[in-house]
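Below: one structure, written as structure tokens.
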Amino acid sequence: MGKVIIAEGKTTNEAINNGLKQLNTTKENVTIKVLEEEKRMFFSILDPRVVKVEMTLKEEKEQEIKKERKKIKISEEEQKRAKENVEKFLEEIIKNFEGETTYQIETSEEGLTVDMMNKNLGFLIGYRGETLYAFQDILSSVASKGNNNRVRVILDIEKYRGKRIKTLEDLAERMAKIVVRTRKEIKLEPMKPYERKIIHTKLQENSKVETKSIGEDPHRRIVISYKR
């Protein structure tokens, strides 16, 4: 469960706004439950009422915020060393690939972005990107060699990421329509955090459904339910 707080205000909206300030987030990232509306003094009708709401930060959002706080900026020297490490590694490994493999590496304070192109690299993507993510972890370890900080690497092969995002967004829309029509929740198959985030983000603006994650990795999955 995500972080839970109790917020107060003279009105429901005021209580919610106070809670959002405490959590430093926006309304779509929390679930809200009105607990009670009461008088501060039982015998005084002039006393303002107090509204209490329970606000829970959606777990995916809490994890995302924590990750944002933990982000480390990579120095230019570390970026240069990381790029050289990855270039040397890739030059050796692509010798074993069928066909011509090209790649492009971009550096930033957040890490490296590596794009590889070769129509024969399907084996390096694997089932739903499992091999790609594993290879990405290897590249991150390679990039971090000799640096004080771990260097984050984002790998893409043959524009797979863009295609996968489109697939997941289409899936989210289809499942949301079924949930709205049937009023029954749908549990999606287990996904990686990166993929769950795509589903959550896509359905955030849908006022008729809500999403949550259940279970533990690697079996953690999204539940889409009708917002009553």
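The values are calculated or read from the model by the stated rules, or taken from the named source; none is laboratory data. None of these values were measured; they are calculated from a predicted model. No Cβ is skipped: glycine too gets one built from the backbone with ideal geometry, and neighbour counts run over all protein chains shown.
Residues in region 34-42: is at least one modelled with pLDDT under 85, among the hydrophobic types (A, V, I, L, M, F, W, C), assigned to a loop (DSSP other than H, G, I, E, B) and loosely packed, with under 13 Cβ neighbours inside 10 Å?
Yes - at least one qualifying residue is present in region 34-42.
Which pairs have Cβ atoms under 6 Å, sit 6 or more apart or on different chains, and link a residue in region 121-148 that is under 17 Å from Thr101 (Cα atoms) to one that is among the β-branched types (Val, Ile, Thr) and modelled with pLDDT under 90?
Matching pairs, first to second residue: none at all.
Please go through region 161-191 and give me each residue that is among the basic types (Lys, Arg) and on the phi < 0 side of the Ramachandran plot, ordered by number.
If the condition is that a residue be among the basic types (Lys, Arg) and on the phi < 0 side of the Ramachandran plot, then Arg161, Lys163, Arg164, Lys166, Arg174, Lys177, Arg181, Lys184, Lys187 are the ones that fit.
Of everything in region 186-223, what is more than 21 Å from Val30 (Cβ to Cβ) and either assigned to a helix (DSSP H, G or I) or among the aliphatic types (A, V, I, L, M) (or both)? Give them in sequence order.
If the condition is that a residue be more than 21 Å from Val30 (Cβ to Cβ) and either assigned to a helix (DSSP H, G or I) or among the aliphatic types (A, V, I, L, M) (or both), then Ile186, Leu188, Met191, Tyr194, Glu195 are the ones that fit.
In region 153-181, what residues are of a type in the set (Val, Ile, Thr), touching a strand residue (DSSP E or B) at 6+ places or on another chain (Cβ under 8 Å) and part of a helix (DSSP H, G or I)?
Scanning region 153-181 gives Ile178, Val179, Val180.
Say we look at region 105-149 and pick out the residues that are among the β-branched types (Val, Ile, Thr) and part of a strand (DSSP E or B); which of these is surrounded by the fewest Cβ atoms within 10 Å (Cβ to Cβ)?
If we take residues in region 105-149 being among the β-branched types (Val, Ile, Thr) and part of a strand (DSSP E or B), then Thr113 is surrounded by the fewest Cβ atoms within 10 Å (Cβ to Cβ).
Residue check, Glu60 against (1) at pLDDT below 85; (2) assigned to a strand (DSSP E or B); (3) buried (at least 17 other Cβ atoms within 10 Å of the Cβ), all met but one. Which one?
Condition not satisfied by Glu60: (2).
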